[in-house]
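Right, one structure below, let's go through it.
The values are calculated or read from the model by the stated rules, or taken from the named source; none is laboratory data. Every value quoted in this text rests on a predicted model; they were computed, and no experiment measured them. As a convention, Cβ positions derive from the backbone with ideal geometry for all residues, glycine included, and neighbour counts pool all protein chains shown.
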Amino acid sequence: MSDWSFRWEAHLHDVFPRLSDDLSALLARIDDLPVIDPKTRELIRLVCSVATRGPAGIERHAMLAREFGAGWDEVLGAIVLTMPALGLQTVVDAIVPARKGFDAAPLDDPSDDEPEPGAPTDAVDTPDAIDAVDAADPIGAP
């Protein structure tokens with residue numbers, strides 16, 4: 001087999017081919033467990049990669065989460081939820097590899113990630129949302 005999911009797989013297979021095959025079979029069986037949907041599974045794996053501070057894992061699982069239907073808000077939200085346990089710096093360090101992986105995910109239709117026109121959104125980084133917040137904020141108002 002010449003196509004490996006992880007960098008270490010080829011090396012392990014060269015030295016311990018039977019162990020490598022058994023490990024691959026175990027990981028495949030874990031993926032097949034029907035207890036959690038694939039999107040949630042990848043978000044959990046993303047959080048685990050954030051916890052271990054592994055940028056390659058963060059990138060990979062953000063990409064896979066998107067492939068299984070997660071939006072950027074879900075990926076970023078999962079990362080931010082780790083802040084109480086892992087700290088702000090860990091969260092900040094995870095954002096760039098997560099975005100890189102998320103953006104690398106192949107999509108059937110790039111518009112799948114965009115909200116419907118006029119659909120409600122929690123996003124606050126759009127100009128209209130920022131203007132609305134600024135208008136409601138009395139600080140700095142004359």
Q: Could you please let me know if residue 20 is farther than 26 Å from residue 107 by Cβ, small (Gly, Ala, Ser) and modelled with pLDDT under 95?
A: yes
Q: Return yes or no: is residue 81 on the phi < 0 side of the Ramachandran plot, surrounded by 15 or more Cβ atoms within 10 Å (Cβ to Cβ) and modelled with pLDDT of 95 or more?
A: no
Q.
So in segment 7-24, with the set limited to residues that are surrounded by fewer than 13 Cβ atoms within 10 Å (Cβ to Cβ) and among the hydrophobic types (A, V, I, L, M, F, W, C), which one is nearest to residue 55 (Cα to Cα)?
A. 8
Q. Taking only pairs six or more apart or across chains, which ones have beta-carbon atoms under 9 Å, a first residue in segment 46-62 that is within 10 Å of residue 86 (Cα to Cα), and a second residue that is surrounded by fewer than 24 Cβ atoms within 10 Å (Cβ to Cβ) and among the acidic types (Asp, Glu)?
A. 50/93; 53/93
Q. Does residue 112 satisfy being over 28 Å from residue 8 (Cα atoms), at pLDDT 95 or above and surrounded by 10 or more Cβ atoms within 10 Å (Cβ to Cβ)?
A. no
Q: Restrict the check to segment 66-75 and report whether at least one residue is touching a Gly at 6+ places or on another chain (Cβ under 6 Å) and buried (at least 18 other Cβ atoms within 10 Å of the Cβ).
A: no
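Being of a type outside the set (A, V, I, L, M), more than 16 Å from residue 49 (Cβ to Cβ) and modelled with pLDDT of 95 or more: is that true of residue 73 here?
yes
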Q | Scope segment 43-82; condition assigned to a helix (DSSP H, G or I) and hydroxyl-bearing (Ser, Thr, Tyr); matching residues | A | 49
Q: Return a yes/no flag: does segment 94-108 have any residue that is modelled with pLDDT of 95 or more, more than 18 Å from residue 39 (Cα to Cα) and surrounded by fewer than 13 Cβ atoms within 10 Å (Cβ to Cβ).
A: yes
Q: Could you please tell me which pairs satisfy a Cβ distance under 9 Å, a separation of 6+ or placement on different chains, a first residue in segment 16-40 that is in contact (Cβ under 8 Å) with a residue 40 or more places away in the chain and closer than 19 Å to residue 78 by Cβ, and a second residue that is in a helix (DSSP H, G or I) and polar (S, T, N, Q)?
A: none
